[in-house]
2 protein chains.
Amino acid sequence: MKQDSCGCGKCSHKQCTNRVPIFSGLNEEELSYVTDLIKRRQYLKGEIIQLEGSEPDCLTIINRGKVKAFRYTQEGKEQILYLFSEGDFFGENNLLGGKRAAYSAEALEQTNLCMIERKDFQELVRRYPEISLKIIQELCARLERLETTVQNMGSKTMEARIGSVLLEFSEKYGVKHPKGILVTLPFSREGIASYIGAARETVSRRLTLLQDAGTIEMIGNKKIILLDEDALRKELE
Amino acid sequence: MKQDSCGCGKCSHKQCTNRVPIFSGLNEEELSYVTDLIKRRQYLKGEIIQLEGSEPDCLTIINRGKVKAFRYTQEGKEQILYLFSEGDFFGENNLLGGKRAAYSAEALEQTNLCMIERKDFQELVRRYPEISLKIIQELCARLERLETTVQNMGSKTMEARIGSVLLEFSEKYGVKHPKGILVTLPFSREGIASYIGAARETVSRRLTLLQDAGTIEMIGNKKIILLDEDALRKELE
DNA sequence: CGCCGTTTTGAAGACAGTCAAGATGCGTGG
DNA sequence: CCACGCATCTTGACTGTCTTCAAAACGGCG
């Protein structure tokens, strides 16, 4: 589960710290200090990174890849809470608040992680208080996303939820395409369903409807072209 | 731990700072410094404290009373996101992240607020970095609540959502009663509905069902006795 | 006591969930 | 490169539950 991608190791560490928003306020020297604290680890698709209820002793930062954070409902179904990508982190409340992990985390593809141990992280925060402020900003952003999710789930229309998630994926993973925006979906239909709180089949049906309406075009199961972004946006507001 | 309650105004400032978790790590002298920065304000039931999309320039801490935070859905209905009580705060992302307010806030009853202006707050955080850590803990707690809300809304059963919200109110506002736990509801039926993402009538119906089952007893419209807490809890897990 | 706003109840309709079967996509191995 | 087979996705029919609209009951407050 371990790996050094470029041989020298040091520069890929640097890459990691450079790319992570919470360290963006630090200078060369400070970054180098942070870099020395980092332990790296690699996970393959489907591997579990943390379990809900466990007591992680690291702050985990995603350097490359995608990670889903989820809980199980009482019926045993997954409820996906977050989709983490490059630069995102988790484990902060365990280290700072002494809480147990609120969700499980699983790699959706080959994923490189940077981990900072509890004591190192606590020292780090003490030494560079700006890091706390960055973390606060990130947590606020996460809160805003969840608030929007709650709003979407509260306003019942399934149409709006689907549109919302398509736009989210589009912003994160969309690339230009002659016909519109090409989006590579990070989830299967089942995953999308779990992310927006719906049944697999409902997602299928609504996507088909959107395709019939000329709003999207599906290419296989993993790609979608957004032909008419405005139509999607219109449903939300 | 000293308690001031002499009514001299200055002391009630102290009360405020003493009661607020994010200042709990500070000593007498430091608290006194914070106290001098605070501006107090009172709102009556129904008054709007902040509007979604505005640019608040204060951190707002609730010293007494209850505040609901909400957004409007595209259909013009309220979606309540948070119910803030004594010691809760909001406005942090506006001050630290430069963002606009993500929700409107309205006083549910006579409410006393402590407000700290942007520049004072920024100085405060610089001077006492532990405050950031407290804020992070609070934000994490808030995230966890929202995560649970998303989970509840995702797992469709309306029964679970009602049970969940009753238990939440019970923990926050419940008092002992010979028959069980007496809960004074902070919201009307409409408010509860907006909080859990349901229709007014659905809330009525499910509460009636719970009463018929002997799980709760309604007293007027604003009070409920939880007769069988375990029955409620059982629905959740 | 009487009014007005809120809540409850009723009935009809819509929509998503479930179960089941069929189609499609995708990776494997020949 | 093609063919096979499994996993995933789509489609269909049906059921259950929430929503909506409407009317009646209730509660709180002057």
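The values are calculated or read from the model by the stated rules, or taken from the named source; none is laboratory data. Here the structure is a predicted model, which means the values were calculated and not measured. Ideal geometry is used to build each Cβ from the backbone, glycine not excepted, and the neighbour counts take in all protein chains shown. In case anyone asks, the SASA skips ligands and DNA or RNA and just uses the protein heavy atoms, side chains included. Shrake-Rupley method; radii C 1.70, N 1.55, O 1.52, S 1.80 Å.
Exactly one condition in (1) under 23 Å from the mean Cα position of the chain (by Cα); (2) among the hydrophobic types (A, V, I, L, M, F, W, C); (3) more than 14 Å from chain A (Cβ to nearest Cβ); (4) within 14 Å of DNA strand D (Cβ to nearest atom) is false for B:L209; which is it?
Against the list (1) under 23 Å from the mean Cα position of the chain (by Cα); (2) among the hydrophobic types (A, V, I, L, M, F, W, C); (3) more than 14 Å from chain A (Cβ to nearest Cβ); (4) within 14 Å of DNA strand D (Cβ to nearest atom), B:L209 comes up short only on (1).
Being more than 8 Å from every other protein chain (Cβ to nearest Cβ), open to solvent by 30 Å² or more (accessible area, probe 1.4 Å) and under 30 Å from A:N94 (Cβ atoms), is that true of even one residue in region B:106-115?
no
Of the residues B:V183, B:V125, B:V175, which is more than 9 Å from chain A (Cβ to nearest Cβ) and crowded, with 20+ Cβ neighbours inside 10 Å?
It is B:V183.
Could you say whether any residue in region A:189-200 is within 9 Å of DNA strand C (Cβ to nearest atom), over 20 Å from A:K68 (Cβ atoms) and more than 13 Å from every other protein chain (Cβ to nearest Cβ)?
Checked against the condition, which is being within 9 Å of DNA strand C (Cβ to nearest atom), over 20 Å from A:K68 (Cβ atoms) and more than 13 Å from every other protein chain (Cβ to nearest Cβ), region A:189-200 yields no hits at all.
So which residues in region A:205-216 are within 12 Å of DNA strand C (Cβ to nearest atom) and either crowded, with 16+ Cβ neighbours inside 10 Å or among the hydrophobic types (A, V, I, L, M, F, W, C) (or both), if there are any at all?
Once the filter is applied, which keeps residues that are within 12 Å of DNA strand C (Cβ to nearest atom) and either crowded, with 16+ Cβ neighbours inside 10 Å or among the hydrophobic types (A, V, I, L, M, F, W, C) (or both), region A:205-216 yields A:R206, A:L209.
Which one of the conditions (1) basic (K, R); (2) at pLDDT 95 or above; (3) open to solvent by 50 Å² or more (accessible area, probe 1.4 Å) does B:R189 fail to meet, given that it meets all the rest?
Tallying (1) basic (K, R); (2) at pLDDT 95 or above; (3) open to solvent by 50 Å² or more (accessible area, probe 1.4 Å), B:R189 fails exactly one: (3).
Which residue is most open to solvent (accessible area, probe 1.4 Å), if the candidates are limited to region A:217-227 and must be within 9 Å of DNA strand D (Cβ to nearest atom) and not charged (D, E, K, R)?
Only one residue fits best here, namely A:N221.
Name the pairs: first residue in region B:188-208 and free of Cβ contacts under 8 Å to residues at least 12 places away in the same chain, second residue more than 7 Å from DNA strand D (Cβ to nearest atom) and of a type in the set (S, T, N, Q), Cβ to Cβ under 9 Å, at least 6 apart or on different chains?
Within 9 Å, the pairs are B:A193/B:S204; B:R200/B:S188; B:R200/B:S194.
If A:R127 satisfies every condition in (1) farther than 18 Å from B:S155 by Cβ; (2) within 16 Å of DNA strand D (Cβ to nearest atom); (3) of a type outside the set (S, T, Y) but one, which is the exception?
(2)
Go over the candidates B:L26, B:L95, B:L51, B:L37 one by one and state the one that is within 13 Å of chain A (Cβ to nearest Cβ) and either at pLDDT 95 or above or more than 15 Å from the chain's Cα centre (by Cα) (or both).
Every option except B:L95 fails the conditions.
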